[in-house]
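What follows is a short report on a single structure.
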Amino acid sequence: MRDAEFLIEVMAGQLQDLLDRRGIAEPALVGVHTGGVWVAERLRQRLGIATPLGLLDISFYRDDFSRIGVNPQVRPSELPFDVDDRHLVLIDDVLQTGRTIRAALNELFDYGRPASVLLAALVDRGGRELPIEANVIGTRLKLPAGQQIQLTGPDPLQLSIQAAP
Amino acid sequence: MNAAHIQLDRQGRLLHFLTVEGLSRRHLIEILDTAESLHGVAERRVKKLPTLHGKTVVNLFFEVSTRTRTTFELAAKRLSADVLTLNIATSSAVKGESLLDTLRNIEAMQCDMFVVRHQQSGAAEFIARHVKPHIAVLNAGDGRHAHPTQALLDVFTIRRHKPDFPSLQVAIVGDILHSRVARSLIHALNILGVADLRVVAPRTLLPARVETLGVRVCHELNQGLRDADVVVMLRLQRERMEGALLPSEQEFFQRYGLTEERLASAKSDAIVMHPGPINRGVEIDSRVADGPRSVILEQVTNGIAVRMAIMSITLGNHARPVGEGS
């Protein structure tokens, strides 16, 4: 597996191409807590985007509240720009079931009506349970069900694979 | 087992919120941090989260209240719960049996949370002991005993201005005797480890052995306010006043009313708080209540986020993985 910084380089190239093709000059990046925020901040610097980063904590939007309750480590969501008519790029570290992205999209629309939303993920490990696909992917990885991939950071950013708890 | 025990499950998680007593710093910080995450919701286009979608919250108010009732209602609605508010006029003493009957009837309507306000101490705890296990009970004020959500919104407001509790000097001024707000706040501030906590009141408005709660007692206002970072004024509970505890309201204001001149004894950046509703010219002068140091209206706003946090934490802790039964 390539290291996280290399994968972010790959993502930056893909994302710039995609933005150019769509004619989007100044998108706003939104990272999903916690790993997605680290990746998003790196991408924002690489792409030279001036708009401050948006931070999304989807804890209150999860679909499993009635099973696991509230995440005690919840953090405030912060979108320091007007979402209306804005082109957004939603960024997460690991894409699997798609449930986090479903929750993130619902939360975004409670802030306003964006012009468009793109999805970028550092690692796509398959196993989708919802009709959600990323536009930009650092790498695809096939992992056995008993293993999980985790991003630690923010400095240095490191991907590690371990047995699921 | 008392209220402090029945509100926690075996892992020490909050199932009900009945009293601040017996909680740890970790419990309070979790509530404050969660409330901080919920605070920004009110500034969004859609002031609503889907967290309690499909849940039913019943406000059982046996005692009149505007602020507490409406902020609980708004908190539940902003979490997408359905809310029913019952204002239950009661005779002076509620017998356990009739309260249980009320409870069973409302339980039969498939609700998930009771928010209880009652003039009798221990009412919320009584309900928590008798409800079905999937129901969470929040104490919205019981007699002279406790008003724990008010205490948490007060410490939340303090933390937003002065986050370092171990360095703080706090003065609580006025009718401590009749105040459930004061009792709960004293417990919360001691758990968070404030440097110095004083109560300032005439002897007749202090409970017996108040020092055992972990406070210093002052009978003189200027001395009590000296170098305070936070001044909490209490409402003079005229409706609870039995017998001649006070000569007159005018005299009370002269000795214990907060004016700009007296506030000068506190630190220059001290904040002034009051749980409301305020008696202007009795415990606080309008120029202070409406002045730059007052955070009284912030307390009202913060009450919504704090109650949202407590609702989502307690109902979340009733969550059961599918298949594990109730």
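The values are calculated or read from the model by the stated rules, or taken from the named source; none is laboratory data. Owing to the predicted nature of the structure, the values given are computational and were not obtained by experimental measurement. Here Cβ is always computed from backbone atoms with ideal geometry, including for glycine, and neighbour counts include all displayed protein chains. For accessibility, only protein heavy atoms count, side chains too; no ligands or nucleic acids. Shrake-Rupley method; radii C 1.70, N 1.55, O 1.52, S 1.80 Å.
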Study note, to complete from the structure: Heavy-atom accessible area of the protein assembly as shown with neighbours in place, 1.4 angstrom probe: carbon+sulfur share in percent works out to 49
Check your understanding: If you place +1 on the Cβ of every Lys and Arg, -1 on the Cβ of every Asp and Glu, and leave all else neutral, what size is the dipole of chain A about its Cα centre, to the nearest 20 Debye?
Key -> 440
Revision key, fill the gap. For chain B the mean separation of alpha carbon contacts under 8 Å (6+ apart) over residue count, i.e. relative contact order in percent, is 19
Point to revise | Among B:224-232, A:108-116, B:48-56, the order from most to least packed when residues are scored by Cβ within 10 Å on average | key: B:224-232, B:48-56, A:108-116
Review point. For chain B, which semi-axes, largest first and in whole Å, follow from the square roots of 5 times the eigenvalues of its Cα gyration tensor?
Key: 33, 22, 18
Point to revise | Entries of B:Lys48/B:Lys132; B:Lys77/B:Lys132; B:Lys162/B:Lys267 with Cα pairs more than 20 Å apart | key: B:Lys48/B:Lys132; B:Lys77/B:Lys132
Check your understanding: Mind checking the mean number of beta-carbon atoms from other chains within 10 Å of the Cβ atoms in B:31-41?
Key -> 4
Review point. Peptides B:196-205, A:66-75: what's the order by average Cβ count within 10 Å, highest mean first?
Key: B:196-205, A:66-75
Study note, to complete from the structure: P(r) of region B:148-296 over all Cα-Cα pairs, 5 Å bins starting at 0, rounded to whole percent, reads 2, 10, 22, 25, 23, 13, 4, 1, 0
Study note, to complete from the structure: Residue-normalised value, i.e. accessible area per residue, for region B:108-155 at 1.4 Å probe, in Å², stands at 29
Practice item. Note down the nm distance, to one decimal, between modelled labels 7 Å out along Cα→Cβ at A:Ser116 and at A:Gln147. Key: 3.6
Point to revise | Within chain A, helix-based [θ] at 222 nm, where runs of 4 or more DSSP H residues each add -39,500 (n - 2.57), nearest 500 | key: -9000 deg cm²/dmol
Check your understanding: Please identify the GluC sites (Glu not before Pro) of region A:87-143 that satisfy two criteria: DSSP loop assignment and at most 11 other Cβ atoms within 10 Å. Which are they?
Key -> A:Glu129
Review point. According to the square roots a ≥ b ≥ c of the eigenvalues of the Cα gyration tensor, what is the shape class of the protein assembly as shown, taking rounded for a/c under 1.5, prolate for a/b larger than b/c otherwise, and oblate for the remainder?
Key: prolate
Check your understanding: Whole-Hz Karplus ³J(HN,Hα) for region B:116-125, in order, using 6.51 cos²θ - 1.76 cosθ + 1.60 and θ = phi - 60°, x for Gly and Pro?
Key -> 10, 10, 8, 6, 9, 4, x, 5, 5, 5
Review point. Which whole-Hz ³J(HN,Hα) couplings does region B:260-277 yield from phi under the Karplus relation 6.51 cos²θ - 1.76 cosθ + 1.60, θ = phi - 60°, glycine and proline marked x?
Key: 4, 4, 6, 4, 4, 5, 6, 4, 5, 9, 5, 9, 10, 10, 7, x, x, x
Review point. Where the only charges are on Cβ atoms (+1 Lys, Arg; -1 Asp, Glu), what is the dipole of chain B about its Cα centre, to the nearest 20 debye?
Key: 500
Check your understanding: If amide H atoms are built 1.01 Å from N in the plane of the peptide, which residues on other chains or at least 5 residues away come under 5 Å of the amide H of B:Arg216?
Key -> B:Leu197, B:Arg198, B:Val199
Review point. For region A:1-102, what is Rg from Cα atoms divided by 2.2 N^0.38 Å, rounded to two decimals?
Key: 1.14
**Study point:** From phi via Karplus (6.51, -1.76, 1.60), per-residue ³J(HN,Hα) for region B:292-307 in Hz, x at Gly/Pro
**Key:** x, 8, 6, 10, 4, 6, 4, 4, 5, 4, 5, x, 5, 4, 5, 5
Review point. Assuming a viscosity of 1.002 mPa s and a temperature of 20 °C, what translational diffusion coefficient in µm² per second does Stokes-Einstein assign to region B:1-141, Rh being the Kirkwood radius over Cα pairs?
Key: 134
**Study point:** Cβ-based charge dipole, the protein assembly as shown, positive-most Cα from B:Gln11, A:Val89, B:Gln223
**Key:** B:Gln11
